[in-house]
Amino acid sequence: MSVMGTSKQAPGGLEVVRRFVNTKDVEAGTDALSSRAGAEAWLSEYGLPGAKGLDRSDLPRLTSMREALRQLLLANNSGEPPPPEALTELNRRSSEAAIGLHFDTDGSDLVTRCDGVDAAVARLLAIAHESMRDKTWQRLKLCPADDCQWAFYDHSRNHSRTWCEMEECGNRAKARAWRERQRASR
């Protein structure tokens, strides 16, 4: 699956969360967070703190948070409540990543008050929090196709998009369902 064009990106910082979830590419069988160098490069590319000096214990923390976010995005697509274990994982990561408020003449902003990978986790969680508050979160979804699972932003007017790309995943699912109906009717 290729990275979506600009018109299909999520708004603002939510695009960083979408790309974080997509560090695992099920179709290509790759994972940008599977090595220290890969994780550092990804964090650096997106301007997240903590990109230097990651150790082996940081990788499972990043990937467990990514997988919990993936579960929330799948729930956004299905309309089901998020799995409790995903919420537990995000709450665990949140408790390790100090987030605070910073006030200035323009208002306030959520900021990180920690170092290392926890600072990157805090920033990603702050973006998710802000997006939940401004109601853009529900549009960030995970493609339900087992061979895809790509995070995408639903730009449709009625928020009803199911597949990352109807031409690929949607058509494959419809063709598969048609073949199953044909087989069942025989």
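The values are calculated or read from the model by the stated rules, or taken from the named source; none is laboratory data. If you're wondering where the values come from, they're calculated on a predicted model, not measured in any experiment. Please note: Cβ atoms are built from the backbone with ideal geometry, for glycine as well, and neighbour counts cover all protein chains shown. For the accessible areas, the whole protein counts, side chains as well, though only heavy atoms, and no ligand, DNA or RNA atoms are used. Shrake-Rupley method; radii C 1.70, N 1.55, O 1.52, S 1.80 Å.
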Can you pull out the residues in the stretch 27-44 that are buried (at least 18 other Cβ atoms within 10 Å of the Cβ) and part of a loop (DSSP other than H, G, I, E, B)? Ala32, Leu33
Which residues, counting only those in the stretch 55-92, are farther than 20 Å from Cys164 by Cβ, among the hydroxyl-bearing types (Ser, Thr, Tyr) and part of a helix (DSSP H, G or I)? Thr63, Ser64, Thr88
Residue under evaluation Leu73, criteria (1) touching a residue at least 12 places away in the same chain (Cβ under 8 Å); (2) under 22 Å from Arg133 (Cβ atoms); (3) over 16 Å from the mean Cα position of the chain (by Cα), criterion not met: (3)
May I ask you to list the residues in the stretch 45-59 that are at pLDDT below 95, more than 13 Å from Leu124 (Cβ to Cβ) and either hydroxyl-bearing (Ser, Thr, Tyr) or open to solvent by 20 Å² or more (accessible area, probe 1.4 Å) (or both)? Lys52, Gly53, Asp55, Arg56, Ser57
Residue pairs within 6 Å by beta carbon, gap of at least six or interchain, first lying in the stretch 78-98 and open to solvent by 70 Å² or more (accessible area, probe 1.4 Å), second not in a loop (DSSP other than H, G, I, E, B), listed first then second, are Glu96/Asp118
Asn76 passes all but one of the listed conditions (1) touching a strand residue (DSSP E or B) at 6+ places or on another chain (Cβ under 6 Å); (2) farther than 17 Å from Leu124 by Cβ; (3) modelled with pLDDT of 95 or more; the exception is number (2)
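May I ask you to say which residue of Val117, Val121, Val111 is more than 16 Å from Asn22 (Cα to Cα), open to solvent by less than 10 Å² (accessible area, probe 1.4 Å) and either aliphatic (A, V, I, L, M) or more than 19 Å from the chain's Cα centre (by Cα) (or both)? Even if it seems obvious, please write down each step before you answer.
Details: Val121 fails: more than 16 Å from Asn22 (Cα to Cα); Val111 fails: open to solvent by less than 10 Å² (accessible area, probe 1.4 Å).
Exactly one residue qualifies, and that residue is Val117.
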Odd one out for Glu130 among (1) touching a Gly at 6+ places or on another chain (Cβ under 9 Å); (2) open to solvent by less than 30 Å² (accessible area, probe 1.4 Å); (3) closer than 17 Å to Leu72 by Cα: (2)
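This table checks each residue for (1) at pLDDT 95 or above; (2) surrounded by fewer than 19 Cβ atoms within 10 Å (Cβ to Cβ).
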residue: Thr136; (1), (2): yes, yes
residue: Gln149; (1), (2): no, no
residue: Asn158; (1), (2): no, yes
residue: Gly170; (1), (2): no, yes
